[in-house]
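The values are calculated or read from the model by the stated rules, or taken from the named source; none is laboratory data. These numbers were taken from a predicted model, which means no experiment stands behind them. All Cβ positions, even for glycine, are placed from backbone atoms using ideal geometry, and neighbour counts span all protein chains on display. Accessible surface areas use protein heavy atoms only, side chains included; no ligands, DNA or RNA. Shrake-Rupley method; radii C 1.70, N 1.55, O 1.52, S 1.80 Å.
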Amino acid sequence: MFEPGQILIGLEIGTSKVCAAVGEVAEGGELNILGLGQARSRGVRKGEVFDAEKAGEDIRQALAEAEEMADVTIESIYLAVTGRHLECANFRGVHTIPTVDRAIDAEDVQLALRNAKYQSCPAGAEIIDSVRQDFLVDDHAVYENPVGVVGARIEARVHVILGHANRLATSRQAVEAAVPVRVEKTVFSGLASALAVLTTEQKQAGAIVVDLGGGTTEFAFFHQGLLRHSGILAVGGDHVSNDLAYGLRVPLSRAEELKLAHGSALVRKENSAAMSGPTAGAGLTDRPVSLGKLERIMSMRWEETLELLALRLRAADALRLATEGVFLCGGGARTPGIEELAQRIFQLPVHRGIVQSVSGPATVLENPEFATPIGLVRYGAMRAKQRPRPRLFSRLTSFAGLTSRRSS
Amino acid sequence: MNFQAPELAPARSAHDRSVSLCGVGRAGARLVRLVAGSFSGSAWTVDTESEAKSQATEDIGRVELGERTTRGLGCGGDAAYAQRIAEAEVARIQSRMGPGLLVLVAGIGGGVGAGISPVVARLAREAGAIVVAVVIEPYEFEGGLRQRNAEQCLITLQGACDAVIRVSNQAVARLNPELSAIQELMDLADRHVARVISGLLGLLQRSSLVPVGLAELERWARGRQAQGVAAFAEAEGAERIQRVWEDLIQHPFLQPSNRLTDAGGTLVHVMGGPDLRMDELEWVQRELRQRCPRAQVLVGAGVDPESTGKVQVFLLAVRDGVGLTAATNVPGLESAGGRPTPAPIKTLLFEDAPPAGDSRMVGLDLAAESREARNRSAQAARKAQQQQFNFVPPWTGRFDSAEGTLHQGENLDEPTFVRRGVKLN
């Protein structure tokens, strides 16, 4: 199937941190995380690079750290992208079979898929990923694989993740200008996190992964083993800190500290009127900050964010079909009370997302923030699996220097 | 004074502008009954209570919805329920629709008013009509549900109508604190509203010398989703125009006074007897120009042979619906009564026409007014405006320079509690 010993690298240029994961496909096809590197992100806002120079420094640092830890040389990476320019939609494409009473073959399917992907694609957009959903033959029968079915018209339904071509190029450029690596593929970060967090069974039964990031919040919904719906909301943990800074009248950095130390997604009763508590910050007069206020500001923001997500998930019928529940990852998943709040809003069981069927240091795997880079590694492994062997092989020769174990 | 001859078009006959009047809910029906006497077009009401049947009169059509579902008991303040009822019986409402202009009257605190009036407005627009809604906001004492209904309904109506004119019962109560008897107060409020409606209808129906009617209103309101306030006053005798003007600008529905100053468009229609003088019109025009420096001003005039000695003035001030972003409850932007004003604050100024000299829209041209005089009045107004215009730019902190995250007219970068109007202390 795929080459054991293959090294894959995932890089996420997040709003709060830049993070790289180095993974290896082990003998049994299992993933093993060899190294992880991270740096505080300074050049990213709402998931998109706005200061390429600063972002470049952070990327260099994160990759260098990962290289050192895993003892490999990085040549190509999978890059996670997000930002409000991304659009996730379900497209349809039709292909008419020219001769009547002919069985549909693989080429017809490909043509229908191509029509679905490109006919609705607006100018200036780039398709990041597309996942085929199902096929309608002659407007009625639904097939997962229509090859061999006799029909006159085939309609493909595809979930497509689109991005603004130039803005995607900006992210790629930021990496390639900073370090001598090749961006193998850009991947929607919501999809990457979902791949890391969900097991095959959960994907089959129906599950939602919500990545509560620093600048953006992404979601991905899997059902019957396929990505059915995904999306992004350009609101994240930064907004929480920003709200706190405004409402409590403290500097942003202090708001960030307060959020981490005392934050909560729910208003706890005992704090509702409390004025005592942490102070506004060093260098300022010792003005106490009201914990009750802090919790109210935070809970309102989280509630709104989750409600906006619920609105979009409900529209895709995801809340009914996701029997396995909702998995939260990203830094926001650490917020105390967020699971309870999410449970109330989604009316589904809510779990902290833990990276599944990957081996590596436990500290890395249990950390909800690292779901995206690890998911990128898994994405790379899955992609390699799908590729025909000769191409995979030729591609791997470029890894020759780092895949010494392969020959043993 | 320099008249633009083509503007003085011959008066149009009444049937050119078919105006119909529709009252939704209990308050709407009551007001329609109050004004129907002086109204010549078709008037009808929509309600869900079989009780209303007893009050119905012959010249007013009536559509009773949900006879089976509510068993004639009404909706109990549930706007969503009322909306479902109306949507189930769309055909019955549609049968009454036609092109022309529909004046929709509803008390939007109640379930029927809040739930059904957007449906009626939408159907009317689909039928090709221009819809102007006159909505009555509930009293404060009526409680949270009705206030919420009203706020929700205002937002939907603004999307569904060409123009929304808000009148507030509470404003009447606030301006008449000495009137403590609730019956009297409510009657007074009803009379105020009824006069505004009949003023609006009169403007649209009666033939005028300097007409501002359906066409003007349409051109003006179409697609803007305007939201406005209106007032009506009359006087007779010496200095009648000055007195009528005093009444107008102190009218409860135009309070607080920045509703006039911030207006993007104002329409005044002066109706008088054959003795209506030119200088009276000019006077109104000048006063209005000073009060609403940024507004596009329309002045119309009509003569009614029967009202010698009297003058009636109807004033409509509208601001565009474009600035809805800042509309929702920014703290500090509260009306005198302490209730948050859901009205849009951030109005795009000079959006489609500089205020002076647009002779296409303005019945009386200002060309003769000297430039200096205009500048002076504009300057004076600008000074006044700085004191009255409470515009707080939305605070987005670290996202100030970033592209906003818009969702249904709100910028999500703004703190949630600010947008929801929550007071922390």
Gyration tensor (Cα only) of the stretch B:105-152 to equivalent ellipsoid, semi-axes in Å sorted down, yields 23, 9, 6
Largest-first semi-axes in Å of the equivalent ellipsoid built from the Cα gyration tensor of chain A are 38, 27, 19
Subtracting the Cα-Cα distance of residue B:277 and residue B:87 from 0.36 nm times their residue separation yields 63.3 nm
Note on the stretch A:87-163: C-alpha Rg/Rh, Kirkwood Rh, two decimals, gives 1.01
If one compares the long axis through the Cα atoms of helix A:165-178 with the longest principal axis of the Cα atoms of chain A, the angle in degrees, nearest 10, works out at 70
Computed for B with A: buried accessible area summed over both chains, 1.4 Å probe, rounded to 100 Å², at 2300
The number of Lys pairs in chain A whose alpha carbons lie under 16 Å apart, excluding pairs fewer than 8 residues apart on one chain, is 6
Quarter of the surface of the C-alpha convex hull for the stretch B:63-165, i.e. direction-averaged projected area in nm², equals 5.9
For the pair residue B:140 and residue B:401, the simple spin-label estimate (label points 7 Å beyond Cα toward Cβ) gives in nm 4.4
Nearest 10, in degrees from 0 to 90: the angle of helix A:291-315 to the longest Cα principal axis of chain A is 10
In Å, the C-alpha Rg and Dmax of the stretch B:16-205 are 15.4, 47
Within the stretch B:66-104, DSSP-loop trypsin sites (Lys or Arg not before Pro) with at most 14 other C-beta atoms within 10 Å are B:68, B:71
The helix A:237-248 Cα axis meets the longest alpha-carbon principal axis of chain A at an angle in degrees, between 0 and 90 and rounded to 10, of 20
Binned at 10 Å starting from 0, the alpha-carbon pair-distance distribution of the stretch A:57-120 in whole percents comes out as 16, 25, 18, 18, 17, 7, 0
With a ≥ b ≥ c from the Cα gyration tensor eigenvalues, square-rooted, and the rule rounded for a/c under 1.5, otherwise prolate when a/b > b/c and oblate otherwise, the stretch B:17-115 is prolate
Mean separation of Cα contacts under 8 Å (at least 6 apart) over the residue count of the stretch A:99-245, i.e. the relative contact order in percent, is 18
With a Förster distance of 51 angstrom and the Cβ-Cβ distance between residue A:340 and residue B:176, calculated FRET efficiency to the nearest 0.05 equals 0.55
Per the rule of 0.36 nm per residue minus the C-alpha distance, extending residue A:121 to residue A:69 adds in nm 14.6 nm
Contact order relative to length for chain A, counting C-alpha pairs under 8 Å separated by 6 or more residues, stands in percent at 18
